[in-house]
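Novice: The structure's right below; bear with me while I get my questions together.
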Amino acid sequence: MLTFDEYQQRVVAAVRPLAPRSVPVADLADTLTGAADGHPLLGLVTAEPLVSRVALPGFTNSAMDGYAVRAADVHGATPDAPVSLPVAGDIAAGDTRTLRLEPGSCRRIMTGAPLPDGADAVVQVELTDGGLERVEIREAVEAGRAIRRRGEDLRPGDQVLPAGTTLLPRHIPALLSAGAPQIAVIPRPRVAILSTGDELVDPGTEAGHGQVVDCNGPMLAALAAECGFDVVAVRRAGDTGEQVREALTELAATADLIVTSGGVSAGAFEPLKLAFEGDADFEFVKVAMQPGKPQGFGNIAGATVFALPGNPVSSLVSFLVFVAPAGRVLAGRDPAIRTVEAAVAEKWTSPPGRQQFARVVFDEDGRVVRPIGGQGSHVLGGLAGSQALAVVPAATTDVAVGETLRIIPLEGLA
């Protein structure tokens, strides 16, 4: 039997980031509605540095509303002895004219408008009487006041983003302004979900005697989506090895990662084991954890396959601690599971020799945890009410009040 750490490290080490692809930077404008190919850029990881092709700002401009002046013309201005200058005209943001400021004059200018040649400062409007034809300037300014100079932010050739950057909303302004038509990114993993078992019926269908509603397929698809992966298929297969193998082969044509549920335990009819019987590219192991002891991992036709237990809680836990980290590696992201620490408010027991992932809820202050419901891998009510998984080390059998545990939140998985 493998320890939890041994198995997690094994599956994460077995995958590599997907091949990069170049995407038009203009797709960032489609992130709210989805780009044409269904792959908006937000959340993707850059595969190479993004270098600016232009200067930013692209022209010297005003940092505020006011008057463009020559600093020498307003030297000595004070509220008691203002300097009066004729206003030669207005310059609005978006003005594309090339203008020149003559000595002894000024121009009214708006924030972001291009500075006229000859001007070397802007007097903010609050330091004047706001005149339209002549203006009284009540404070002297030094050269460079309230000016954004061309290229002071970025120059051509400057790095905008390093490789390995996860694209977030704050990156959009620089990306769209840097002049690069494309950006190389690592695509999201395409994930296919396969539930196995003749006993499964469609969600929304009343389950008869001996039948079970397929809740694993939709749950795993939702987990994959919340982790930032692209779900390309959600299917079911029967209980024969041939049916499972055929379904997996078809899914591998369009998926980078396939997640199955059911058919991996020690029973007489385990379709995943039958599907990969004698296959050197696939292994079934027992992991010292609760829930989620039986696990399978390998590949088929170039797609990575995780074979998870069929009980819903086992499937969910296994996805979070094995599939999600491997999927993040495929996406070029850090595989580490996000955890917090919390103190225990109510004691419970943990199985000896197995790392437990107990379903828990937080107290109102969010600092202490309590178990919720039975900890059996089939208990769905407790799963629905839980807020996190408490990680109990394999050496701990009695979780004591006041003990501090690592906690895996069940929200904000991306």
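The numbers here are math on the coordinates, done by the rules we state, and not lab data. Computed from a predicted model, the values in this text were never measured in an experiment. Note that we place each Cβ from the backbone using ideal geometry, even for glycine, and neighbour counts take in every protein chain shown.
Novice: Report the calculated FRET efficiency for Thr240 and Glu346 (r = Cβ-Cβ distance, R0 = 51 Å), to the nearest 0.05.
Specialist: That gives a FRET efficiency of 0.65.
Novice: Estimate the FRET efficiency between Ala174 and Ala81 by the formula 1/(1 + (r/R0)^6), using the beta-carbon distance for r and 60 Å for R0, to the nearest 0.05.
Specialist: 0.85
Novice: Go through Ala143, Pro114, Leu274 and say which Cα lies farthest out towards the positive end of the charge dipole of the chain; charges sit on Cβ, +1 for Lys and Arg, -1 for Asp and Glu.
Specialist: Checked the options; the winner is Ala143.
Novice: Computed from the coordinates I sent, Cα Rg over 2.2 N^0.38 Å equals one of (1) 1.07; (2) 0.92; (3) 1.43. Tell me the label.
Specialist: Calculated Cα Rg over 2.2 N^0.38 Å: the matching label is (3).
Novice: Given the peptides 45-56, 61-72, 16-27, arrange them by the average over their residues of other C-beta atoms within 10 Å, most packed first.
Specialist: The peptides rank, most packed first, as 61-72, 45-56, 16-27.
Novice: Sum up the charges of everything whose Cβ sits under 12 Å from the Cβ of Ala345, counting Lys and Arg as +1 and Asp and Glu as -1, but leave Ala345 out.
Specialist: -2
Novice: So if each residue of separation counts as 0.36 nm, and I subtract the Cα-Cα distance between Glu126 and Leu42, what length gain in nm does that give?
Specialist: The span from Glu126 to Leu42 would gain 26.2 nm if fully extended.
Novice: Out of residues 5 or more away from Val361 or on other chains, whose amide H comes under 5 Å of its own, with H placed 1.01 Å from N in the peptide plane?
Specialist: It is Arg370, Ile372, Gln387, by chain and number.
Novice: In deg cm²/dmol and to the nearest 500, what is the mean residue ellipticity at 222 nm of the chain if only DSSP H runs of at least 4 residues count, each as -39500 (n - 2.57), divided by the residue total?
Specialist: It lands at -4000 deg cm²/dmol.
Novice: Where does helix 241-252 land angle-wise versus the long Cα axis of the chain, in degrees 0 to 90, nearest 10?
Specialist: Relative to the chain, helix 241-252 is tipped by roughly 10 degrees.
Novice: Restricting to the chain, compute how many DSSP beta bridges are antiparallel as a %, nearest 5.
Specialist: Counting only bridges with both partners in the chain, antiparallel ones make up about 65 percent.
Novice: Also: Taking 0.36 nm per residue of sequence separation and subtracting the Cα-Cα distance, how much length would be gained by fully extending the chain between Ser22 and Ala163, in nm to one decimal?
Specialist: 49.4 nm
Novice: Right, another one. Which of Phe297, Phe322 has the fewest other C-beta atoms within 10 Å, and how do the rest follow up to the most?
Specialist: Ranked by crowding around the Cβ, least crowded first: Phe297, Phe322.
Novice: Between Ile109 and residues 5 or more places away or on another chain, which pairs have amide H atoms under 5 Å apart, with H built 1.01 Å from N, and which residues are they?
Specialist: When sequence neighbours closer than 5 places are left aside, the close amide H contacts are Gly66, Tyr67, Ala68, Ile91.
Novice: Please give the net charge around Gly366, taking every other residue with its beta carbon less than 13 angstrom from that of Gly366, where Lys and Arg add +1 and Asp and Glu add -1.
Specialist: That works out to -3.
Novice: While we're on this one: List the residues, sorted by chain then number, that are 5 or more residues from Met289 or on another chain and whose placed amide H is less than 5 Å from its amide H.
Specialist: Gln355
Novice: Would you kindly state how much longer the chain becomes between Arg150 and Glu206 on full extension, computed as 0.36 nm times their sequence separation minus their alpha carbon distance, in nm to one decimal?
Specialist: 13.4 nm
Novice: Ok, one more. Within region 153-173, what residues put their amide N at less than 11 Å from the label point 7 Å along the Cα-to-Cβ vector of Val51?
Specialist: What the label zone holds, given the 11 Å backbone N cut-off, is 156-160.
Novice: Projected onto the charge dipole of the chain (+1 at Lys/Arg Cβ, -1 at Asp/Glu Cβ, origin at the Cα centre), which of Gly210, Leu248, Ile337 gives the Cα projection farthest towards the positive end?
Specialist: About the Cα centre, the residue reaching furthest to the positive side is Ile337.
Novice: Another question, then. Report the calculated FRET efficiency for Ala301 and Ala225 (r = Cβ-Cβ distance, R0 = 30 Å), to the nearest 0.05.
Specialist: 0.80
Novice: Taking the Cα centre of the chain as origin, work out the dipole magnitude from +1 charges on Lys and Arg Cβ and -1 charges on Asp and Glu Cβ, in debye rounded to 20.
Specialist: I would put it at about 640 debye.
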